[in-house]
Amino acid sequence: MLKTCRLLTVLLLACGLSGCDRGAAPATGGSSAATAPAAGPAPAAPALPADLFATAEPAGARGVLEAKAAARVGEEVTVRGRIGGRKEPFVEGRAMFTLVELALPTCNDKHGDGCPTPWDYCCEPATEVVRQSLTVQVPGPDGKALRTGLAGAHGLKPMAEVVVTGRIARVEEGGIVVLDARQIWVKG
C-alpha cells in the first residue's frame with residue numbers, strides 16, 4: 001500500500017494529472033443488461049479548517065528549494081512559493097496543490113513567450129520543475145488530503161504567491177516532498 005501511495009505521488013508530480021479511460025467496457029463476460037446501483041445524494045464535502053487562511057504574512061518563510069533541502073518528516077516549516085508546476089496545479093476534489101520555487105521563471109517571465117498557461121512552467125525541463133516544487137495538502141483526521149477542492153478559496157489560483165506553514169508529511173526518493181498545511185497566507 002505504501003509503495004502504491006509513493007508511486008502515485010511520484011506520478012502526480014512528475015507527469016501531471018491525466019485522465020483515465022473510464023469509458024472502457026469491463027473485462028468480464030457478464031450480461032450487458034446489468035445496471036449500476038442507484039446513486040444517492042453525494043456526501044457533503046468536508047469544510048476547510050476555519051483557521052486555515054492567515055490574515056497576516058508569517059515570518060521566517062523559506063523558499064521551496066531551501067525547505068526541501070532540509071526537509072525531515074515531522075518538521076514544522078514555513079515555505080514561500082507560487083502555485084503552479086502543471087496546467088492544473090490543484091487536485092480536483094482534494095485539498096492539494098503544487099507549490100513552486102519563486103526563483104524559477106514562469107513562461108510569461110520569458111520575453112515574447114506568449115504561453116496561455118505560464119504557471120505550468122512548460123518552458124522549463126520537467127525534471128527542473130519537479131526539483132523546485134513540493135506538494136501541499138490540507139489533511140483531514142485520517143492524514144489524507146481533505147476531499148474538497150482548494151482552487152478559488154481565499155484567492156488561491158495558479159500563479160498566486162503563498163506562504164504555507166505546516167508539517168513535513170513525506171520525503172521520498174526523487175525529491176518528492178509533501179507538506180501538511182496548517183495555515184496558508186495568500187499575497188494580495
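Would you say Pro141 is in contact with a helix residue (DSSP H, G or I) (Cβ under 9 Å, 6 or more places away or on another chain) and of a type outside the set (D, E, K, R)?
Values: in contact with a helix residue (DSSP H, G or I) (Cβ under 9 Å, 6 or more places away or on another chain): no; of a type outside the set (D, E, K, R): yes.
So Pro141 does not fit the description; no.
Based on this model, can you work out whether Glu92 counts as in contact with a Lys or Arg (Cβ under 8 Å, 6 or more places away or on another chain) and modelled with pLDDT of 95 or more?
In short, no.
None of Ala181, Ala160 is under 19 Å from Pro58 (Cβ atoms) and touching a Gly at 6+ places or on another chain (Cβ under 6 Å) except Ala181. Listed by first and then second residue, the pairs with beta-carbon distance under 7 Å, at least 6 apart or on different chains, first residue in the range 87-104 and hydroxyl-bearing (Ser, Thr, Tyr), second assigned to a loop (DSSP other than H, G, I, E, B), are Thr98/Gly84; Thr98/Gly85; Thr98/Arg86; Thr98/Pro89. Only residues that are surrounded by fewer than 22 Cβ atoms within 10 Å (Cβ to Cβ) and either hydroxyl-bearing (Ser, Thr, Tyr) or not in a loop (DSSP other than H, G, I, E, B) (or both) were counted across the range 62-89, and they come to 8. Residues satisfying the criterion are present in the range 124-134 (criterion: outside any helix (DSSP H, G or I), in contact with an Asp or Glu (Cβ under 6 Å, 6 or more places away or on another chain) and surrounded by 15 or more Cβ atoms within 10 Å (Cβ to Cβ)).
Only one of the numbered conditions (1) in contact (Cβ under 8 Å) with a residue 12 or more places away in the chain; (2) farther than 18 Å from Gly166 by Cα; (3) not β-branched (Val, Ile, Thr) is not met by Arg62, and that is (2). State yes or no: is Gly166 of a type in the set (Gly, Ala, Ser), under 21 Å from Gly63 (Cα atoms), touching a residue at least 24 places away in the same chain (Cβ under 8 Å) and part of a loop (DSSP other than H, G, I, E, B)? Taking the combined requirement at face value, the residue does not satisfy it.
Take the residues in the range 90-117 that are in a loop (DSSP other than H, G, I, E, B) and in contact with a strand residue (DSSP E or B) (Cβ under 9 Å, 6 or more places away or on another chain); name whichever of them is farthest from Asp180 (Cα to Cα).
Here is the first cut: in the range 90-117, the residues in a loop (DSSP other than H, G, I, E, B) are 91-95, 101-106, 110-117.
Then drop every residue that is not in contact with a strand residue (DSSP E or B) (Cβ under 9 Å, 6 or more places away or on another chain), which leaves 91, 94-95, 101-104, 106.
Details: Val91: 15, Arg94: 13, Ala95: 10, Glu101: 17, Leu102: 20, Ala103: 23, Leu104: 23, Thr106: 25 Å.
So the residue we want is Thr106.
Tell me, please, whether a residue that is in contact with a strand residue (DSSP E or B) (Cβ under 6 Å, 6 or more places away or on another chain), assigned to a strand (DSSP E or B), of a type in the set (Val, Ile, Thr) and more than 20 Å from Gly188 (Cβ to Cβ) can be found in the range 136-149. Let's see the steps before the verdict.
From the range 136-149, those in contact with a strand residue (DSSP E or B) (Cβ under 6 Å, 6 or more places away or on another chain) are 136-139, 145; that's our starting set.
Imposing the further condition that a residue be assigned to a strand (DSSP E or B) reduces the set to 136-137, 139, 145.
Filter once more, keeping what is of a type in the set (Val, Ile, Thr): 136.
From what's left, more than 20 Å from Gly188 (Cβ to Cβ): none.
No, the range 136-149 contains no residue that is in contact with a strand residue (DSSP E or B) (Cβ under 6 Å, 6 or more places away or on another chain), assigned to a strand (DSSP E or B), of a type in the set (Val, Ile, Thr) and more than 20 Å from Gly188 (Cβ to Cβ).
The values are calculated or read from the model by the stated rules, or taken from the named source; none is laboratory data. A quick note: this is a predicted structure, and the numbers were derived from the prediction, not measured. For neighbour counting, all protein chains shown are included, and Cβ atoms are generated from backbone atoms with ideal geometry for every residue, glycine included.
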